[in-house]
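See structure below.
The values are calculated or read from the model by the stated rules, or taken from the named source; none is laboratory data. Not measured: the values here are computed from a predicted model. Cβ coordinates were reconstructed from backbone atoms using ideal geometry, including for glycine residues, and neighbour counts include every protein chain displayed.
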Amino acid sequence: MSRTWGITQAVDLAEGHGQLTAMMAIPLPPVPAGARAGPVQVRATILQVRTAGAYREFTVHAPGVVPGAEPGQFVTLRVGGESSAMPLRRAFALSGVDGDALSVVVAAHGAGTRWIFERGPGDVLDLIGPLGRPFPPPPTGAAALLVAGGYGAAPFVGLAQRLTAAGHPVAAVLGSATADRLYAVRELASLTRVLVVTTEDGSAGRTGRVTDAAPELLPGASVVYACGPMPMLRAVAAQAAAYGLTCHVSVEEAMACGIGVCMTCVLPVVGVDGTSRFLRSCVDGPVFDAAKVRFDDIGRLPDDLHGAAAMRATR
Ligand SMILES: Cc1cc2nc3c(=O)[nH]c(=O)nc-3n(C[C@H](O)[C@H](O)[C@H](O)COP(=O)(O)OP(=O)(O)OC[C@H]3O[C@@H](n4cnc5c(N)ncnc54)[C@H](O)[C@@H]3O)c2cc1C
Ligand code: FES
């Protein structure tokens with residue numbers, strides 16, 4: 001398995017919005033011998049912070065995390081420092097790995113992500129990862145369409161690198177409300193045969209949403225990968241289904257523990273046996289077969305999903 005995907009010298013910034021805010025080379029020890037492939041908790045030193053439009057991309061030294069990491073997985077970060085009143089970790093998709101370093105892209109949302117925004121090179125983050133299940137590979141030679149909303153493009157640089165290296169034709173649609181909320185445009189342009197950019201206000205690319213552009217590219221695809229807000233995933237899943245395509249969605253359900261203990265992140269999914277259950281998006285996902293996700297019932301307690309049996313995870 002390659003230990004490099006996503007982080008490159010030309011770390012991709014939304015077109016015209018990239019600005020290097022800080023960079024510092026910090027000498028750090030190599031990854032410990034015997035590092036295992038699975039989630040580990042590390043003190044991750046921030047190596048570099050870049051501003052990418054409305055986002056900040058943090059590259060951290062996280063020995064032991066990278067060996068098991070795959071595109072589609074995520075890490076969680078403790079926020080607020082040692083005496084924090086914020087007990088819950090925050091989840092972020094892996095946007096790249098390189099050697100012992102990994103990167104995440106952060107949008108300032110609430111108190112936790114604003115705290116991360118204030119961190120700089122040399123600061124240490126308490127990080128757990130890699131977590132969750134990655135994007136499954138497509139069948140040999142299958143053409144892939146990647147559809148991302150905003151920072152949903154974060155896991156797609158690594159995925160596109162993997163797919164192109166394996167000989168898959170890759171196309172992508174990246175969309176956001178405004179140009180400063182696009183991510184990885186330049187890098188995905190270099191990794192894809194066709195790239196369409198959409199913004200709702202027309203400040204970059206075509207005016208509209210990813211779902212306005214996706215139908216042009218769906219006929220040439222065999223498999224669809226989607227990452228972004230739930231309404232977007234639901235719409236892309238419906239479009240892919242209309243073309244009879246397999247669609248893998250990476251969901252962003254609110255998480256508390258991130259390790260499968262608390263059941264905060266559950267969503268209703270039809271299992272291989274045809275029975276629906278609440279699956280935990282942190283350990284059973286965040287990537288799911290879109291055809292199995294009951295989008296209409298997310299956030300609800302459907303009549304067929306009561307009791308302990310509904311919580312027994314079986315994909
Ligand atoms: C698998 C996964 C991958 C993610 N990848 C990214 C990423 O690459 N970049 C990025 O900027 N954000 C990402 N997020 C969303 C990010 O975790 C939330 O924006 C963040 O938890 C909000 O924390 P806050 O303190 O700023 O906001 P607050 O609203 O104060 O958060 C309070 C709590 O609510 C929950 N929460 C709030 N908003 C969200 C949300 N949108 N999604 C999930 N939980 C939420 C969290 O559990 C958090 O502990 C991801 C979430 C998940 C589940
Ligand atoms: S966040 Fe606790 S089980 Fe998923």
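Search the stretch 88-133 for residues being of a type in the set (G, A, S), more than 18 Å from C227 (Cα to Cα) and within 16 Å of ligand 2 (Cβ to nearest atom), and hand back the single one that is nearest to the chain's Cα centre (by Cα).
Among those residues, the one meeting the criterion is G129.
Is at least one residue of the stretch 115-133 at pLDDT 95 or above, in a strand (DSSP E or B), away from ligand 1 (no atom under 16 Å from the Cβ) and touching a Leu at 6+ places or on another chain (Cβ under 9 Å)?
no
Within the stretch 247-277, can you find the residues that are over 19 Å from G149 (Cα atoms) and more than 8 Å from ligand 2 (Cβ to nearest atom)? Before the answer, list the steps.
Pass one, the stretch 247-277, residues over 19 Å from G149 (Cα atoms): 255-277.
Those that are over 19 Å from G149 (Cα atoms) and more than 8 Å from ligand 2 (Cβ to nearest atom): L267, P268, V269, V270, G271, V272, D273, G274, T275, S276, R277.
Mind checking which pairs have a first residue in the stretch 223-235 that is free of Cβ contacts under 8 Å to residues at least 40 places away in the same chain and a second that is outside any loop (DSSP other than H, G, I, E, B) and polar (S, T, N, Q), Cβ under 7 Å, 6 or more apart or different chains?
Final answer for the pair search is A235/T211.
Taking the conditions exactly as written (touching a residue at least 24 places away in the same chain (Cβ under 8 Å) and among the basic types (K, R)), does R206 satisfy them or not?
Values: touching a residue at least 24 places away in the same chain (Cβ under 8 Å): no; among the basic types (K, R): yes.
Spelling it out, it is not the case that R206 is touching a residue at least 24 places away in the same chain (Cβ under 8 Å) and among the basic types (K, R).
Based on what the data block shows, is A290 more than 24 Å from I128 (Cβ to Cβ) and touching a residue at least 60 places away in the same chain (Cβ under 8 Å)? Reasoning before the result, please.
On the way: more than 24 Å from I128 (Cβ to Cβ): yes; touching a residue at least 60 places away in the same chain (Cβ under 8 Å): yes.
Judged against the criteria, A290 is a match.
Could you identify the single residue in A204, A256, A166, A242 that is of a type in the set (A, V, I, L, M, F, W, C), farther than 22 Å from V287 by Cα and outside the structural domain of G38 (by TED's automatic domain parsing)?
Working: A256 fails: farther than 22 Å from V287 by Cα; A166 fails: farther than 22 Å from V287 by Cα; A242 fails: farther than 22 Å from V287 by Cα.
Only one candidate passes the filter, namely A204.
Consider A235 against the criteria (1) crowded, with 17+ Cβ neighbours inside 10 Å; (2) under 24 Å from V79 (Cα atoms): it satisfies all of them except one. Which criterion is unmet?
(2) is the only condition that A235 fails.
Is it the case that the stretch 190-198 has a residue that's part of a strand (DSSP E or B) and of a type in the set (S, T, N, Q)? Walk me through how you get there before you give the answer.
As a first pass, look at the stretch 190-198 and keep what is part of a strand (DSSP E or B): 194-198.
Those left that are additionally of a type in the set (S, T, N, Q): 198.
Yes: the stretch 190-198 contains one or more residues that are part of a strand (DSSP E or B) and of a type in the set (S, T, N, Q).
Quick one: which residue in V261, V249, V287 is in a loop (DSSP other than H, G, I, E, B) and β-branched (V, I, T)? Break it down into steps so the answer makes sense when it comes.
Details: V249 fails: in a loop (DSSP other than H, G, I, E, B); V287 fails: in a loop (DSSP other than H, G, I, E, B).
Answer to the check: V261.
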